[in-house]
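This report refers to the structure that appears directly beneath it.
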Amino acid sequence: MRSYIFLLLGLFLLFGAIVYITVKDATSERPEQTALMDYVWNMQSDKENLSTAASKLTLSRFSLAIDDTLTADRIYSYKGNRISELLRPTGERLWFAMNEQAPEGIIIANVKEPVRMGGKYRSLDLFHLYNKVRATVETDEQIRYFEFEGQSMLAACLPDREDIYLTASAAMLLDLPAGQKIPAEQVIEKMKEWINQR
């Protein structure tokens with residue numbers, strides 16, 4: 001009889017712990033939402049007249065995976081033609097801070113915490129690129145965000161080909177056209193040229 005009581009007590013405690021964890025997870029802010037709230041707060045504190053516009057910001061309904069590029073040595077010695085083979089997942093994702101249909105910033109977070117926020121002007125260029133890339137792929141998961149020498153690029157990674165879209169600053173760095181579909185091998189070659197010049 002005593003072991004039966006201990007068993008019931010143990011099950012009751014286990015059930016209570018499960019309910020507590022479930023409620024805590026449901027009520028806690030997601031990292032990207034926390035980052036957006038911080039971004040709005042910073043906008044409001046920087047300029048009083050932005051408070052109304054900032055309060056309307058929401059997260060984009062989609063997010064993009066963020067990858068890191070391999071080291072310069074590994075890029076330079078790479079013999080293939082797929083940009084995805086030069087990228088490694090970071091576990092971070094990128095959202096846009098949206099004011100209705102217009103981007104007003106970039107939000108980056110991982111599953112645990114906000115990572116970075118800001119970049120109103122960069123968000124305009126990147127959002128324009130995103131719309132171009134999105135028209136060529138089936139899902140957002142086929143789009144990879146990465147940076148080379150601090151400049152933003154989007155890759156459309158399809159089974160049969162990979163295309164790169166460069167922001168204005170990335171295009172200037174690599175001496176390639178901005179906002180256009182460029183075959184991955186051409187971008188890789190320009191990345192190698194840049195590395196070789198350093």
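Details
- The set of residues in the stretch 149-164 being among the hydrophobic types (A, V, I, L, M, F, W, C) and touching a strand residue (DSSP E or B) at 6+ places or on another chain (Cβ under 9 Å) consists of Met153, Leu154, Ala155, Ala156, Cys157, Ile164.
- Odd one out for Glu48, checked against (1) out of contact with any Cys (no Cβ under 7 Å at 6 or more places or on another chain); (2) modelled with pLDDT of 90 or more: (2)
- Selection within the stretch 82-97 - farther than 25 Å from Arg30 by Cα, open to solvent by less than 70 Å² (accessible area, probe 1.4 Å) and not basic (Lys, Arg): Ile83, Ser84, Leu86, Leu87
- Within the span defined as the stretch 60-81, every residue fails to be open to solvent by 30 Å² or more (accessible area, probe 1.4 Å), part of a strand (DSSP E or B), free of Cβ contacts under 8 Å to residues at least 60 places away in the same chain and not small (Gly, Ala, Ser).
- Leu154 within 16 Å of Leu87 (Cβ to Cβ), among the hydrophobic types (A, V, I, L, M, F, W, C), in contact with a Gly (Cβ under 8 Å, 6 or more places away or on another chain) and buried (at least 16 other Cβ atoms within 10 Å of the Cβ): no
- Of the residues making up the stretch 98-142, those that are without any contact (Cβ under 8 Å) to a residue 40 or more places away in the chain, open to solvent by less than 20 Å² (accessible area, probe 1.4 Å) and either among the small types (Gly, Ala, Ser) or in contact with a Ser or Thr (Cβ under 6 Å, 6 or more places away or on another chain) (or both) are Ile106, Ser123.
- Where helices (runs of 4 or more DSSP H) sit wholly within the stretch 117-198, those with at least 1 residues that are closer than 23 Å to Met98 by Cα and not basic (Lys, Arg) occupy 120-134, 168-174.
The values are calculated or read from the model by the stated rules, or taken from the named source; none is laboratory data. Note that the structure is a prediction, hence the values are computed from the model and not measured. So basically every Cβ, Gly included, is an ideal-geometry build from the backbone, and we count neighbours across all protein chains shown. In case anyone asks, the SASA skips ligands and DNA or RNA and just uses the protein heavy atoms, side chains included. Shrake-Rupley method; radii C 1.70, N 1.55, O 1.52, S 1.80 Å.
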